[in-house]
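Peer 1: This structure is in structure tokens; I'll ask about it shortly.
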Amino acid sequence: MPCRLKVESSLCTPDYDGIILVSGCPPGVDEPEPFKTVLYAASQIDDALYHVGAVLPINLPARRLIYSPTGPLNMDYHDVRSFGEAAVKGIQ
């Protein structure tokens with residue numbers, strides 16, 4: 001990773017200006033709230049969300065949800081690197 005990762009215990013901390021969510025599932029299906037509602041609504045308007053990702057408004061102090069999908073993970077060569085690549089795309 002090109003940056004330092006930190007475990008944060010609260011989504012409501014005002015210390016960040018965005019939250020990056022890396023997921024291998026279709027948006028709005030398996031995420032915890034409040035991400036699920038925001039992603040489900042966005043996926044209803046934009047089918048590309050699952051392949052491209054997006055920056056979305058969210059009602060948290062960070063104000064921005066950066067959704068960075070891995071895409072399908074059903075091939076033999078898909079592994080943790082798919083999550084790393086999606087995380088880097090979300091950071092960029």
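The values are calculated or read from the model by the stated rules, or taken from the named source; none is laboratory data. Everything numeric in this text was worked out from a predicted model, so none of it was measured. Every residue, glycine among them, receives a Cβ derived from its backbone with ideal geometry; neighbour counts consider all protein chains shown.
Peer 1: So, in the range 49-58, how many residues would count as being modelled with pLDDT of 95 or more and either charged (D, E, K, R) or over 11 Å from the mean Cα position of the chain (by Cα) (or both)?
Peer 2: Number of matching residues: 2.
Peer 1: Hey, any hits in the range 59-81 for a residue that's surrounded by 12 or more Cβ atoms within 10 Å (Cβ to Cβ), part of a helix (DSSP H, G or I) and either polar (S, T, N, Q) or modelled with pLDDT of 85 or more (or both)?
Peer 2: no
Peer 1: Out of the residues in the range 36-54 that are touching a residue at least 24 places away in the same chain (Cβ under 8 Å) and in contact with a Phe, Trp or Tyr (Cβ under 8 Å, 6 or more places away or on another chain), state the one that is surrounded by the most Cβ atoms within 10 Å (Cβ to Cβ).
Peer 2: Within the range 36-54, the match that is surrounded by the most Cβ atoms within 10 Å (Cβ to Cβ) is 39.
Peer 1: Working only within the range 1-49, note down all residues that are of a type in the set (Ser, Thr, Tyr) and over 14 Å from residue 90 (Cα atoms).
Peer 2: If the condition is that a residue be of a type in the set (Ser, Thr, Tyr) and over 14 Å from residue 90 (Cα atoms), then 9, 10, 13, 16, 37, 40, 43 are the ones that fit.
Peer 1: Something else about it: Hey, can you tell me all the residues within the range 35-61 that are more than 23 Å from residue 85 (Cα to Cα) and small (Gly, Ala, Ser)?
Peer 2: The one that is more than 23 Å from residue 85 (Cα to Cα) and small (Gly, Ala, Ser): 41.
Peer 1: Condition first: modelled with pLDDT of 90 or more and either charged (D, E, K, R) or in contact with a helix residue (DSSP H, G or I) (Cβ under 8 Å, 6 or more places away or on another chain) (or both). Now tell me which residues in the range 1-16 satisfy that.
Peer 2: 15
Peer 1: In the range 25-58, what residues are small (Gly, Ala, Ser), part of a loop (DSSP other than H, G, I, E, B) and out of contact with any strand residue (DSSP E or B) (no Cβ under 7 Å at 6 or more places or on another chain)?
Peer 2: 28, 48
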